[in-house]
């Protein structure tokens, strides 16, 4: 009723969601609005945030299930050998055996590790993002080269 959103913080940047932070609020259909955090308090394992200009439930409802994004300039470089999700989304993927697989559309945490959701010509693939399968990750060129076990790409395919 007060226009708050419950947020799960995935940020490693201290103070990223503190009062005064300027972010982008993005709906599930891609609507983006610049926001400033005016209140932040712990709740149910996450944070309840409210934003300047979005003071009631009707104003924040379109953003339920969406995400908060920070300006890239405010994000420190990822540690060597690790990557931010936003760096992986949009990368094209190629496997040494299966060839071009498609483009990363999402990074999924499934409790057993990270999965890349890759959309290709035949549908979606959920590919384990593990060092053993990574031949090369080139963020600058937006390419991920994989060395998947034979048959894994076909076994992970979903025609959705």
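The values are calculated or read from the model by the stated rules, or taken from the named source; none is laboratory data. Here the structure is a predicted model, which means the values were calculated and not measured. Here the Cβ is made from the backbone with ideal geometry for all residues, glycine too, and neighbour counts use every protein chain on show.
Being part of a strand (DSSP E or B) and modelled with pLDDT under 90 is the filter here; which residues of region 1-41 pass it?
None; the set is empty.
Just one of 67, 22, 52 is under 25 Å from residue 109 (Cα atoms), surrounded by 11 or more Cβ atoms within 10 Å (Cβ to Cβ) and either in contact with a strand residue (DSSP E or B) (Cβ under 9 Å, 6 or more places away or on another chain) or in the same structural domain as residue 109 (by TED's automatic domain parsing) (or both); which is it? Give the derivation first.
Numbers: 22 fails: under 25 Å from residue 109 (Cα atoms); 52 fails: under 25 Å from residue 109 (Cα atoms).
On inspection, the qualifying residue turns out to be 67.
With respect to residue 47, is the statement that it is closer than 21 Å to residue 109 by Cβ, assigned to a strand (DSSP E or B) and within 21 Å of the chain's Cα centre (by Cα) true? Don't jump to the end; show me each part of the working.
Numbers: closer than 21 Å to residue 109 by Cβ: yes; assigned to a strand (DSSP E or B): yes; within 21 Å of the chain's Cα centre (by Cα): yes.
Criteria met by residue 47.
Could you go through region 145-159 and let me know if any residue there is closer than 30 Å to residue 13 by Cβ, at pLDDT 95 or above and either part of a strand (DSSP E or B) or outside the structural domain of residue 32 (by TED's automatic domain parsing) (or both).
Scanning region 145-159 turns up at least one residue that is closer than 30 Å to residue 13 by Cβ, at pLDDT 95 or above and either part of a strand (DSSP E or B) or outside the structural domain of residue 32 (by TED's automatic domain parsing) (or both).
Looking at region 106-141 only, could you name the residues that are in a loop (DSSP other than H, G, I, E, B) and exposed (fewer than 15 other Cβ atoms within 10 Å of the Cβ)?
110, 111, 112, 113, 121, 122, 130, 139, 140, 141
Within the set of pairs 6+ apart or on separate chains, which have a first residue in region 46-59 that is touching a residue at least 40 places away in the same chain (Cβ under 8 Å), a second that is assigned to a helix (DSSP H, G or I) and surrounded by 12 or more Cβ atoms within 10 Å (Cβ to Cβ), and C-beta atoms under 6 Å apart?
So the pair list comes out as 54/60.
If we keep just the residues of region 87-137 that are in contact (Cβ under 8 Å) with a residue 40 or more places away in the chain and out of contact with any strand residue (DSSP E or B) (no Cβ under 6 Å at 6 or more places or on another chain), which is nearest to residue 28 (Cα to Cα)?
Ranking the candidates gives 90 first.
In this structure, does residue 41 turn out to be loosely packed, with under 13 Cβ neighbours inside 10 Å and in contact with a strand residue (DSSP E or B) (Cβ under 6 Å, 6 or more places away or on another chain)?
Taking the combined requirement at face value, the residue satisfies it.
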